[in-house]
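Written out below as structure tokens is the structure these notes cover.
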């Protein structure tokens, strides 16, 4: 019987000649996450997984309220607030420690798995600027105590409405784009 890991890696497409690709919105959440990890590491202020996940949530909310969508993946309601599950899974081994490097990740398309190199996936320049500004604002306000962002998200009606289900162990409760837009369109609910 073959090893499940060997089977997986034999099926993963490894394109050594992969060219640099300039991406367009909506991005893959891992591309935005890797951009943020690199962005903060270049500033010599690496972020933790909890900060990364909350920044992704507020970035998506910002873009949604401006008639756009930053990334395609859903955000779920977890015990510590909003989480993009795929991002959490790739960075969870860091625990509460700062994330010091980007990660390659796997995507599936037509039953073909492809390993993507983050250094070859580039976000649009105008989005980099806006993402960087919002992320820096949140980092400066909450990096000393990122669990303040958890507390803030727990006070938001979208999370509060699902609190009992979350605390009872229900999984895969998604934030809807409509509830995010409705809550943040008021303009006074941002954490900055």
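Every read-out reported here was derived from the displayed coordinates using simple, explicitly stated rules and does not represent laboratory data. Quantities reported herein were computed from a predicted structural model and do not represent experimental measurements. Note that each Cβ is placed from the backbone with ideal geometry, even for glycine, and that neighbours are counted across all protein chains shown.
Laid out as a table, the results:
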{"quantity": "Gyration tensor verdict on the stretch 76-173 (Cα atoms; rounded if a/c is under 1.5, prolate if a/b is larger than b/c, oblate otherwise)", "calculated": "oblate"}
{"quantity": "Pairwise FRET efficiency - residue 45 versus residue 174, Cβ, R0 = 30 Å, nearest 0.05", "calculated": "0.45"}
{"quantity": "Cβ-based exposure ranking for 38, 178, 68, 127, in which fewest neighbours within 10 Å come first", "calculated": "178, 68, 38, 127"}
{"quantity": "Mean ellipticity per residue at 222 nm, deg cm²/dmol - from DSSP H runs of n ≥ 4 across the chain, formula -39500 (n - 2.57)", "calculated": "-14000 deg cm²/dmol"}
{"quantity": "Within the stretch 72-92, backbone nitrogen closer than 17 Å to the virtual label 7 Å beyond the Cα of residue 167 toward Cβ", "calculated": "77-82"}
{"quantity": "For the chain: relative contact order, % (alpha-carbon pairs under 8 angstrom, 6 or more apart)", "calculated": "30"}
{"quantity": "Sorted by Cβ neighbour density within 10 Å, fewest at the top, the residues 134, 47, 122", "calculated": "122, 134, 47"}
{"quantity": "Overall form of the stretch 13-76 per C-alpha gyration tensor (a/c, 1.5; a/b vs b/c)", "calculated": "oblate"}
{"quantity": "DSSP-defined antiparallel bridges as percent of all bridges, the chain, nearest 5", "calculated": "65"}
{"quantity": "Taking 158, 51 and counting other C-beta atoms within 10 Å, the order from fewest to most", "calculated": "158, 51"}
{"quantity": "Euclidean distance of C-alpha centroids, the stretch 111-152 and the stretch 155-192, integer Å", "calculated": "20"}
{"quantity": "Label selected from (i) -0.22, -1.12, -1.27; (ii) -0.28, -1.19, -1.31; (iii) -0.35, -1.09, -1.14, the criterion being log10 I(q)/I(0) by the Debye sum over Cα atoms at q = 0.08, 0.17, 0.18 Å⁻¹ as computed here", "calculated": "(ii)"}
